[in-house]
Amino acid sequence: MGAYFVRKLIEAAAVCVAVSIIAFLLVQSTGDLAVAMGGLDASAEDTARLREVYGLDQSFVQQYLSWAGRVLHGDLGQSYFSQEDVLTLILERLPVTATLSVASLLLGLLISIPAGVYCAMKPDGWFDRSCLGLSVLGQAMPSYWVGLLLILLFGVTFRILPISGTQSAASYVMPSLTLAWFVFPVFLRLSRAGMIDVLSSDYIRTARAKGLSERTVLFKHALRNAILPVVSVATVQFGFLLGGSIVVESVFSLNGIGLLAWSAIQRSDYPVVQAVVLIVAIIFVLLNVVSDLLNAALDPRLTSEQ
Amino acid sequence: MKNLKIFALSMMTLAPASLCAGQADNSLVWGYDTQLESMNPYATNKGKAQLVMRNVLEHLLYRTADGQAKPALATSWTWVDATTIDFTLREGVTFHNGEAFDADDVVYTVAQIKNPDAKISAQGDYKFIESVEKTGQYSIRMKLSKPTPSAIDRLSQTLFILPNETYEAMDAAEFGRAPVGTGPYKVTGFEAGQMVEFERNEAYYDAEWGQPQFDKLTVLTLPDPQTRLAELTSGRVDFVWGLSPDDMMQLTMSPDIETVSGDSTTVTFLSLDPNARTGDNPTQDKNVRLAMIHAIDRAVVGQVMQGAASIALESSCHPKQFGCIQDVAGYEYNVEKAKEYMAASAYPDGFEMKIAAFTENARIAEAVTGYLRKIGIEATVDQRETTAWVKDYFAGEIPVGIVPWPSNGVYDVSSITPFFFEEGQGDYIGDAEINAWFAEAGSIIDEEERLRLYALGFGKMADEVLNIPMVTKVTNYAYRSGLDFTPAADGYPLIYMAGWK
Amino acid sequence: MTLSSTSSSRGKIPRLLPARLAGRTGFCIGLVLLTGFIFIAVFAPFIAPHDPYTQSLMARLKPPVWAGGTWEYPFGTDGYGRDYLSRLIYGTRISLIVGLGAAALATVIGTTLGVVAGVMGGYANRAVSFIIAIRLALPSLLLALAILQIAGSGVFVVVVVLAVTHWDRFAVVLRTASRQVASQDYVIRARAMGASEMRILRSEIFPNVLNHIVIIFTFEMAQCILAAAALSFLGLGIQAPEPSWGLMMSEGRAFLVINPWLITIAGLAIMLLVLAVNLVGDGLRDLIVPKGRS
């Protein structure tokens, strides 16, 4: 087990390094930091001077290495635009995105898994059909449309929820609903499909034949196997959500990681982009380990094999 | 549809009076479109970001709503010669933290900006200032790097005076979070990218324009235009700007919202590549350029995209700017003529064209594609991120693009010609004669001679159709009824002059 | 040799088809809708009453015929005075190409990686995990922006961008699923009997993970159409004046109150197409995957 973790950690580090190099390349190819800082009205000398002052005239490798060197010493650098420490910027905004992610994921899972199980028990029943219908709708609407409709309904017509910002817990209701609306369908479909599959499999039939109660069969044997794909996807989804939803954050003016990264990408503010990318990478790698462990714990067949 | 419209309207108009807190507690919330990363005015060169900072930090001069430069931290000035101005500074002014204002602060500020190692985005904006020397505790002499006719005008828009002792003791990021100035409002809270909160500076000096009115002022960034509108109608925000004519029309249906259109110094033009800077391309053919300029109904584009007050241009500069000669060869909207020119060109069967644009200028580009398709040019919009557009434009890689130019509110064409029509990275015209005329006009004081040179330059540009001047930008505002607000002629309204009636 | 086992499962479908179809109204509706969309896409020039690109700024924002408009423009006109119905009809082409193209490309990438990792395990699994981790850790938009910046912004580039940012779910789920299948007794038995890896992949693994592929394909096709719309929201991707539904919705946002039909009609079109895809996907899954493994 120890060796397993050491190997995982080395892999994790490798992923982070690879990601940071690719991200560095991508940022450089999307724009030019000196041009972004100078703006449209900067003269050629201005831009050249900015390049020199900030060390942007160095080669790609030099720039990357000096960035990486600083990071290894725990210094994520400063934004080229606000001159604020990148770590400060991220720590300011992470709670917003994290709250949103947890809220919407929980909302999505709490509704979709029980619904999926119930659907699978009576496939093609009225509940199953309406759930599937709802999930089809959920999949089919662009998120900013849903966001706008929610704003029109709860923010402007009834005025019971704040439209934008993060002043109170109520501010998170509409954005979380918007995001949950989009994670709900995939969880519902996966848990339903998994459940139907498992329920028709041999070993559930065996379990039933052994005379185990329906409850035991359903929750002890079937659910555990049926939610395997859900767990995989939910973990991925969580990491995805933590990266910040640019569309939802921008529609509801939530100052989260998504907007931070987006405006930094637009301006090629690479210390900010790199830091966000690195942190998201670390979260992903950790979540992947968690996902693997959860899968192993939930699937007795996988455990017994290892 | 009718029901839906009534539903939508009722949603927008059902504002209970209690929610209009702005007037009740004498505060104002401005729904802003630009993110403020820092409140350090030298960390950015975006006009819209600096506009917010003008509540806190002041220039030597300020500009009235109709565009006059008036005394602010300097009470008077005299031109000694073409490159020297003497300023008398205001006495008895203190910064928000109590530091006294005097000539040392001005000298320090200019030294900060001119420092070649300074991490300042747009030193180019200050290139016209050579140096500043202290001639007394409340007087300075400013040396200009070359004769700059627009210097006084520029000083009412740029050069935020920093408190020398305070700034020296802080780092740039710290100052960016809690700036200290002499302005009518003090910063009480700042969340980067999200909002700035101000309160009235009770110790504000007896300024020419008056005294700040609001107890509290908040600038709240709401990047999405629909969210801004929704927050205005929901009552959380009292004032928004940067609206389209369509937004304005929607809002005229709300009884408690007032709308007003103001001018700006921003113009847009369609940049072409007659000199083959990007390589061989159809716009090298004068017949193609003539066809294009006849094909586009610029007046209608301006009205639909900007508003009724938008002006269709004949030269790529704002008619309000000194030296902007609009009396040049004009081209009417005439599709038949356009088709004739196309038939006479080297491309009688048309060709494909990409029009590169960024942000909301893509809407103008899209309208242009519609007109060009009618004469056989298969035009599409190529929307880019701003930085990517700027980078490619400077690198000479955009054969056709929409260029919006705000001139940073400067009422002189020398704020536009050096960037696009003189030798430089934004020059797609590449005409030695025009370059020379404009360069000379920008560096002499004699007004008559300047006008003559600008007339020559813009005249040749129009004769040869070296680019396609489009329209002026209209700045549209909407706010809760009861606000006493005058739009600024340059498109940069000073909100601190507003108040509730 | 390979025929024997595959034909047995394939052979059942035609025989069962009418019987299975009978009880599946959803599948039928989906099939009809999708056929309809494909028909519209193919014959767009013959159906559309106007040219989808012709603007008339003087005739902009005309309401649809049921809201006081005229039959000249049955669905009204957009912010540039273009006939909305014609744009909607031509937009079917773009949505189908983007959705199908991107999902198909994503399927190829994701399935290959996922199955290879799941079945072969060991170093292959680790390598694929590495690639998936990089893909997931890298913000999609940064990747999209970089590709669009370098390669320009046509429909084909958007397809590539969407595929490159949407294959991960295939890989993640199929790795788990195929690992599960590969550890089943019948696979181990087949391997012990000397069946080649290719054969095991084709006749044992693939049929048993096909349900996952179909489910995810329909889901990702929907996601890709929606992601194209999100790119349009950010001003990236398919460029004006192409009649793309996402672009039409994005432009319609500005007229939410004046003419709410603009965003509603394009939104409904997207919804209907996705609905059709999902219904067909669900139906196909039920048809392909035999109830119970015999």
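The values are calculated or read from the model by the stated rules, or taken from the named source; none is laboratory data. Just so it is clear, the model here is predicted, and its values are computed rather than measured. Backbone-built Cβ (ideal geometry, glycine too); neighbour counts: all protein chains shown.
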Open item on the list: Take residues that are within 26 Å of B:THR359 (Cβ to Cβ), of a type in the set (S, T, N, Q) and out of contact with any Ser or Thr (no Cβ under 6 Å at 6 or more places or on another chain) and tell me which of the helices (runs of 4 or more DSSP H) falling wholly in the range A:1-55 contain 1 or more.
Closed with: A:2-30, A:44-53
Open item on the list: On the basis of being surrounded by fewer than 18 Cβ atoms within 10 Å (Cβ to Cβ), β-branched (Val, Ile, Thr) and not in a loop (DSSP other than H, G, I, E, B), does A:VAL61 make the cut?
Closed with: yes
- [ ] Looking for whichever is over 23 Å from B:PHE458 (Cα atoms) and crowded, with 24+ Cβ neighbours inside 10 Å here; the options are B:ARG363, B:ARG384. Which one fits?
- [x] B:ARG384
Open item on the list: Can you tell me how many residues within the range B:351-360 are surrounded by fewer than 23 Cβ atoms within 10 Å (Cβ to Cβ) and either among the aliphatic types (A, V, I, L, M) or not in a strand (DSSP E or B) (or both)?
Closed with: 3
Open item on the list: Restricting to the range A:198-234, give me the number of residues that are buried (at least 21 other Cβ atoms within 10 Å of the Cβ) and of a type outside the set (A, V, I, L, M).
Closed with: 3
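Listed here are the residues, each with its yes/no results for (1) modelled with pLDDT under 85; (2) part of a helix (DSSP H, G or I); (3) surrounded by fewer than 19 Cβ atoms within 10 Å (Cβ to Cβ).
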site: B:LEU9; (1), (2), (3): yes, yes, yes
site: B:GLN23; (1), (2), (3): yes, yes, yes
site: B:GLY31; (1), (2), (3): no, no, no
site: B:LEU36; (1), (2), (3): no, no, no
site: B:VAL52; (1), (2), (3): no, yes, no
Task: Hey, A:ARG51 among the basic types (Lys, Arg) and away from chain B (no Cβ under 14 Å) or not - done: no
- [ ] Grab the helices (runs of 4 or more DSSP H) fully contained in the range C:181-286, keeping just those with 2 or more residues being modelled with pLDDT under 85 and more than 9 Å from every other protein chain (Cβ to nearest Cβ).
- [x] C:185-192, C:206-233
- [ ] Please go through the range A:212-248 and pick out each residue that is closer than 28 Å to A:VAL276 by Cα and of a type in the set (Ser, Thr, Tyr).
- [x] A:SER232, A:THR235, A:SER245
TODO: Take A:LEU26 and decide whether it is free of Cβ contacts under 8 Å to residues at least 60 places away in the same chain and outside the structural domain of A:VAL272 (by TED's automatic domain parsing).
DONE: yes
Task: Number of the exception - B:ASP247 against (1) crowded, with 23+ Cβ neighbours inside 10 Å; (2) assigned to a loop (DSSP other than H, G, I, E, B); (3) of a type outside the set (Phe, Trp, Tyr) - done: (2)
Open item on the list: Here's a check for you: in the range A:23-36, which residue that is touching a Lys or Arg at 6+ places or on another chain (Cβ under 8 Å) and within 7 Å of another protein chain (Cβ to nearest Cβ) is nearest to B:ASP427 (Cα to Cα)?
Closed with: A:VAL35
- [ ] Enumerate the pairs (first residue in the range A:132-153 and more than 7 Å from chain C (Cβ to nearest Cβ) and buried (at least 23 other Cβ atoms within 10 Å of the Cβ); second residue anywhere and of a type in the set (Gly, Ala, Ser) and part of a helix (DSSP H, G or I)) with beta-carbon separation below 7 Å, excluding pairs fewer than 6 apart on the same chain, so at least 6 apart or on different chains.
- [x] A:ILE151/B:ALA230
Task: Of all residues making up the range C:111-158, the number that are without any contact (Cβ under 8 Å) to a residue 40 or more places away in the chain, away from chain A (no Cβ under 12 Å) and touching a helix residue (DSSP H, G or I) at 6+ places or on another chain (Cβ under 6 Å) - done: 3
TODO: Provide a single number: the residues in the range A:238-259 that are at pLDDT 80 or above and under 15 Å from the mean Cα position of the chain (by Cα).
DONE: 10
Task: the range A:182-202 residues that are in the same structural domain as A:ALA103 (by TED's automatic domain parsing) and farther than 14 Å from C:THR218 by Cα, paired with ones that are of a type in the set (D, E, K, R) and not in a helix (DSSP H, G or I) (beta carbon under 8 Å, 6 or more apart) - done: A:SER200/C:LYS291; A:SER201/C:ARG293; A:ASP202/C:ARG293
